[in-house]
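Report on one structure; see the data block that follows.
FYI, it's all coordinate maths here, none of it is from the lab. The structure displayed is predicted, hence computed values, not measured ones. Every residue, glycine as well, gets a Cβ built from its backbone with ideal geometry; the counts of neighbours run over all protein chains shown.
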Amino acid sequence: MIKKKITYSKDSELMLADAIRRVAAPSRRTFLQRTITLGGLALLTGCSLDDDSSIESALGQVSQWNDRVQGKLFDPNRLAPTYPDSMITRPFPFNAFYGEDEVPQIDGGEWRLELSGMIADRTPWTLRKLRALPQTDQVTRHICVEGWSAIGKWGGVPFATFLKRVGADLNAKYVGFKCADDYYTSIDMATALHPQTLMTLTYDGQTLPAQYGYPMKLRMPTKLGYKNPKHIQAIFVTNAYPGGYWEDQGYNWFGGS
Ligand SMILES: Nc1nc2c(c(=O)[nH]1)N[C@H]1C(S)=C(S)[C@@H](COP(=O)(O)O)O[C@H]1N2
Ligand SMILES: [Mo]
């Protein structure tokens, strides 16, 4: 069999650079631009890439393949590094898809955590009830794909404790989150059950401040910043891929750190 050699013009190289800019997280762009060639991408995905949308879908396929590999490599018992209190970054950086003056102001007394999907007891939870569960805290590093990282101290309820308590189906694939600011994301069950995955109620020993996700955020030192939802309003357990705010715009779904 004679293989047709596909050659790519300067134009298609520009299309690739453009597609990478659209789908890749900022910190990965330079890396991808240096390592991915159109020929390589075509070989990986078995498609000839001659327009914008085929390039974008090929990059998406590589990202999904990356999700599966990260999922397989994830060791549910391996702990992320922890640090002494003296290494906490002060002040801790704020980040969201909007500015700090637009942080949602939530009334903790009125707030209810809604549960749905593959969960036996879907009764909504109050903040008071969450605070009555056994609490723990940890000092870990938060890594944001926008190019910064910082060490912080988060306290709250191990998510595994909560999921077992409400009778979540621990064999389901995904746990999804809906937030008060229209942010949403989802994680794999193995990470949900990881011992350092925390339903966070405090920051540095104080009630979680508004800008860091009051009344409750999910903190996972095994995942990148965008996978850590703040101001959580609803949690659901499902086998149907739920995506996420940045993930649906091309960020890698697994998002391991
Ligand atoms: N609800 C909500 N959660 C969110 C975000 C957001 O915009 N809204 N941004 C994510 C991103 S990209 C980062 S880096 C962290 C920032 O958390 P911090 O403000 O505690 O540093 O929150 C994550 N969780
Ligand atoms: Mo981020």
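Each residue in segment 37-68 was checked for being of a type outside the set (D, E, K, R) and within 22 Å of SER257 (Cβ to Cβ), and 7 pass. Can we say THR161 is surrounded by fewer than 19 Cβ atoms within 10 Å (Cβ to Cβ), away from ligand 2 (no atom under 16 Å from the Cβ) and in a helix (DSSP H, G or I)? Spelling it out, THR161 is indeed surrounded by fewer than 19 Cβ atoms within 10 Å (Cβ to Cβ), away from ligand 2 (no atom under 16 Å from the Cβ) and in a helix (DSSP H, G or I).
Residue selection: LEU224 satisfies the criterion of being among the aliphatic types (A, V, I, L, M) and within 10 Å of the chain's Cα centre (by Cα). A single member of ASP169, ASP181 is in contact (Cβ under 8 Å) with a residue 40 or more places away in the chain, of a type outside the set (Phe, Trp, Tyr) and touching a Pro at 6+ places or on another chain (Cβ under 6 Å), and it is ASP181. With respect to the conditions (1) touching a residue at least 60 places away in the same chain (Cβ under 8 Å); (2) closer than 21 Å to HIS142 by Cα; (3) in contact with a Leu (Cβ under 7 Å, 6 or more places away or on another chain), TYR203 lacks only one, and its number is (3). Residue-level check: of (1) touching a Gly at 6+ places or on another chain (Cβ under 9 Å); (2) surrounded by fewer than 22 Cβ atoms within 10 Å (Cβ to Cβ), PRO209 misses just (1).
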